[in-house]
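Right, one structure below, let's go through it.
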């Protein structure tokens, strides 16, 4: 099986504050469905209120991030499924629930197995 990252940036969600509870419930329902199907690895959103830090190999910590990743935000789901087609189905369910397009990326093979 292959793990796939399904994600979207916060700005992609164009819903009113009144719609957010329904969107949240729909998204949680898809996560529960993926969990029940045994394909959910992880689902969650970046806490945009907590600033990122860089942790160096010597253990020092610096405020900030790599310039090219400064805008990592939004929601992320990882599923472990046998085919890309199945990953596309899950991405479609999340897109419908969140009311915005989802990006799908495959993780590379794990050297440990």
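The values are calculated or read from the model by the stated rules, or taken from the named source; none is laboratory data. Being a predicted model, the structure only gives us computed values, none of them experimental. Glycine gets a Cβ as well: all are built from the backbone with ideal geometry, and neighbour counts include every protein chain shown.
Of the residues examined, residue 31 is one that is closer than 28 Å to residue 70 by Cβ, surrounded by 12 or more Cβ atoms within 10 Å (Cβ to Cβ), modelled with pLDDT of 90 or more and touching a strand residue (DSSP E or B) at 6+ places or on another chain (Cβ under 7 Å). Here residue 73 meets the list (1) out of contact with any helix residue (DSSP H, G or I) (no Cβ under 8 Å at 6 or more places or on another chain); (2) at pLDDT below 95; (3) surrounded by 13 or more Cβ atoms within 10 Å (Cβ to Cβ) almost entirely, failing just condition (1).
I'd like to know if the range 40-48 contains one or more residues that are touching a residue at least 60 places away in the same chain (Cβ under 8 Å) and surrounded by 13 or more Cβ atoms within 10 Å (Cβ to Cβ).
To start, the set of residues in the range 40-48 that are touching a residue at least 60 places away in the same chain (Cβ under 8 Å) comprises none.
Within the range 40-48, not a single residue is touching a residue at least 60 places away in the same chain (Cβ under 8 Å) and surrounded by 13 or more Cβ atoms within 10 Å (Cβ to Cβ).
Can you confirm whether residue 54 is in contact with a helix residue (DSSP H, G or I) (Cβ under 6 Å, 6 or more places away or on another chain) and under 23 Å from residue 107 (Cα atoms)? No: the conditions fail for residue 54. Of the strands (runs of 3 or more DSSP E) lying entirely inside the range 11-113, those containing at least 3 residues that are within 24 Å of residue 1 (Cα to Cα) and under 17 Å from the mean Cα position of the chain (by Cα) span 40-45, 75-81, 103-106. Only one of (1) in contact (Cβ under 8 Å) with a residue 40 or more places away in the chain; (2) surrounded by 12 or more Cβ atoms within 10 Å (Cβ to Cβ) fails for residue 14. Which number is that? The number of the failed condition is (2).
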